[in-house]
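So the structure is just underneath, and the comments pick up after that.
Please treat every number below as a calculation from the coordinates, not as lab data. Since the model is a prediction, treat every value here as computed from it, not as a measurement. Positions of Cβ are backbone-derived with ideal geometry, glycine not excepted, and every protein chain shown enters the neighbour counts.
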Amino acid sequence: MTNNHSKRQKIFGVVAIAFSVTACSIAPSKKEQLTTSKLHAAQTQQSQDTQSPAKLENLTFSVPAKYQGKTVYKGQPSNNEKVIALTIDDGPWQNTTVQILDILKENNVKATFFWVGQALQQHPELAKQEVAEGHAIGNHTWHHWYKRMDEATAKSEIERTADLMYKTTGVKTSLFRPPGGILNNGLADVAKSQKYAVVMWSQTSADTDPHAKYQVFVKNVLRDAKPGGIVLMHDGGGDRQRTVQALPQIISGLKQQGYRFVTVPELLKESGG
Ligand SMILES: [Zn+2]
């Protein structure tokens with residue numbers, strides 16, 4: 001696998017890009033308190049299509065009716081159980097995505113990746129690997145624009161990404177994260193009208209801070225951890241080497257605090273009620 005990975009990285013390095021996204025570093029300005037409730041588990045449907053080796057399998061990351069068209073900041077696990085969801089945005093990305101996947105695998109942690117369509121187009125193999133390794137997937141738009149969009153543009157941002165996600169990996173998702181956490185530029189409205197859950201976060205690693213040392217990311221996450229938390233991190237949109245450095249300590253620190261890692265669909269399911 002290591003050889004494959006490095007070959008892959010070289011290939012993707014060549015294709016990689018003048019694509020520069022601005023990562024989600026804007027804090028949610030307005031907290032909508034959300035109640036979480038039961039989620040039917042991400043339903044796994046075995047592919048009927050044996051002719052298409054490109055698809056690993058058909059997976060649907062769905063949310064229950066109560067969450068459809070709603071904004072979610074955190075889960076509310078029953079008995080305040082210490083579960084937490086790592087969310088990783090803006091990939092798939094050369095080098096860092098593979099490194100993050102390896103760390104997650106070594107620690108038996110499943111995370112939730114929010115893909116940018118443009119990045120997915122450039123790194124389909126990384127996307128397939130994420131799905132194959134059991135992580136949950138959400139839609140993070142095609143261009144990662146922050147600007148105000150008319151409805152047709154916003155729709156295209158979401159649907160183009162969803163289409164490529166399905167064509168590349170067989171995944172359908174009801175998880176949407178707006179770039180920058182911006183809820184009023186037209187994207188979230190379209191996502192809600194299409195019954196996505198708009199998944200925000202309850203705490204951030206602040207790993208888009210260009211000046212902070214990686215230890216600061218570790219400290220941020222460990223300091224703010226709460227049961228049902230949704231943690232914001234990034235594997236793409238820039239140089240994420242410091243996130244890679246921070247991740248093992250984030251995982252071990254949270255484990256020491258007694259946390260168990262879940263995906264966002266699992267978190268909502270375990271939020272019961
Ligand atoms: Zn982002």
* Could you check the simple spin-label distance between ASP102 and GLU151, using points 7 Å along Cα→Cβ, in nm with one decimal? => 4.8 nm
* State which entries of LYS74/LYS110; LYS66/LYS167; LYS105/LYS155; LYS110/LYS219 exceed 25 angstrom in Cα-Cα distance in the structure shown. => LYS66/LYS167; LYS105/LYS155
* Cα gyration tensor shape for segment 195-264, rounded if a/c is under 1.5, else prolate or oblate -> oblate
* To do: Would you compute the Debye intensity of segment 57-270 from its alpha-carbon atoms alone, equal scatterers and no solvent, and pass along log10 I(q)/I(0) at q = 0.09, 0.11, 0.14 Å⁻¹ to two decimals?
  => -0.31, -0.46, -0.78
* **Separation of the GLN241 and GLN215 label points, Cα + 7 Å toward Cβ, nm** => 1.8 nm
* Cut-off under 5 Å, modelled amide H: who pairs with PHE61 long-range -> LYS172, THR173, SER174
* To do: Order by neighbour count: HIS234, HIS135, fewest other Cβ atoms within 10 Å first, most last.
  => HIS135, HIS234
* Asked: What list do you get for SER202, SER78, SER271 if you sort them by fewest beta carbons within 10 Å?
  -> SER78, SER202, SER271
* Structure fact -> Long-range amide H partners of ILE137, meaning residues 5 or more apart or on another chain whose placed amide H is closer than 5 Å, are PHE113
* Between LYS110 and SER78, what length comes free when the chain is fully extended (0.36 nm per residue of separation minus the Cα-Cα distance, one decimal in nm)? -> 9.5 nm
